[in-house]
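Novice: Let me give you the structure first, and then I'll get to my questions.
The values are calculated or read from the model by the stated rules, or taken from the named source; none is laboratory data. Note that the coordinates shown come from a computational prediction; the quantities given were computed from them, not determined experimentally. Counting neighbours? That spans all protein chains shown, and the Cβs are built from the backbone with ideal geometry, glycine included.
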Amino acid sequence: MSEIAIPPESQRQLLQVSRRTLEDFVRGSGRCAETISDPHLNATHYGAFVSLRAINELRGCIGSCTPDRSLYETVMEMTEAAASRDPRMAPVRVEELAAIKIDISVLSPL
């Protein structure tokens, strides 16, 4: 299995994109218009899972194994899906946002 090398700064930026996406989506502001120039996030295509937790309780987890778009676009879409379309739980509410922790798992190619 190949190792994915995403530099720490790119990892931080990916988490920031996910956080802004979550907050904008849950507040009903629509998808944030991110412009990403980082080649690790924009040019690379990987699948990813986004997990949302509030006080160590899972609030949503959805991912895509298909690397059909840039990593940051996949993370934005999976963040929205985890917040609203995980069939195991109710959608994330505005009052929960401050407590939500985000985990992103990037899937390596087979």
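Novice: Kindly provide the set of residues from the stretch 1-30 that are at pLDDT below 85 and either closer than 16 Å to residue 91 by Cα or surrounded by 14 or more Cβ atoms within 10 Å (Cβ to Cβ) (or both), ordered by number.
Specialist: 29, 30
Novice: Run residue 36 past the list (1) surrounded by 17 or more Cβ atoms within 10 Å (Cβ to Cβ); (2) touching a strand residue (DSSP E or B) at 6+ places or on another chain (Cβ under 6 Å) and report the number of the one that doesn't hold.
Specialist: Condition not satisfied by residue 36: (2).
Novice: When the stretch 78-95 is examined, which residues are found to be among the charged types (D, E, K, R) and out of contact with any strand residue (DSSP E or B) (no Cβ under 7 Å at 6 or more places or on another chain)?
Specialist: The answer is 80, 88, 93, 95.
Novice: Next up: Which pairs turn up if I take residues in the stretch 46-65 that are touching a residue at least 60 places away in the same chain (Cβ under 8 Å) and more than 19 Å from residue 97 (Cα to Cα) and look for partners that are surrounded by fewer than 15 Cβ atoms within 10 Å (Cβ to Cβ) and among the small types (Gly, Ala, Ser) with beta carbon separation below 8 Å, at least 6 apart in sequence or on another chain?
Specialist: Matching pairs, first to second residue: 46/108.
Novice: Something else about it: Do you know which residues across the stretch 43-56 are at negative phi and surrounded by fewer than 16 Cβ atoms within 10 Å (Cβ to Cβ)?
Specialist: Answer for the stretch 43-56, where residues must be at negative phi and surrounded by fewer than 16 Cβ atoms within 10 Å (Cβ to Cβ): 43, 45, 53.
Novice: Right, something else. Please give the number of the condition residue 67 fails out of (1) farther than 18 Å from residue 8 by Cα; (2) in contact with a Ser or Thr (Cβ under 8 Å, 6 or more places away or on another chain); (3) part of a helix (DSSP H, G or I).
Specialist: Of (1) farther than 18 Å from residue 8 by Cα; (2) in contact with a Ser or Thr (Cβ under 8 Å, 6 or more places away or on another chain); (3) part of a helix (DSSP H, G or I), only one is false for residue 67: (3).
Novice: Can we say residue 29 is under 24 Å from residue 96 (Cβ atoms), assigned to a loop (DSSP other than H, G, I, E, B) and in contact with a helix residue (DSSP H, G or I) (Cβ under 9 Å, 6 or more places away or on another chain)?
Specialist: Criteria met by residue 29.
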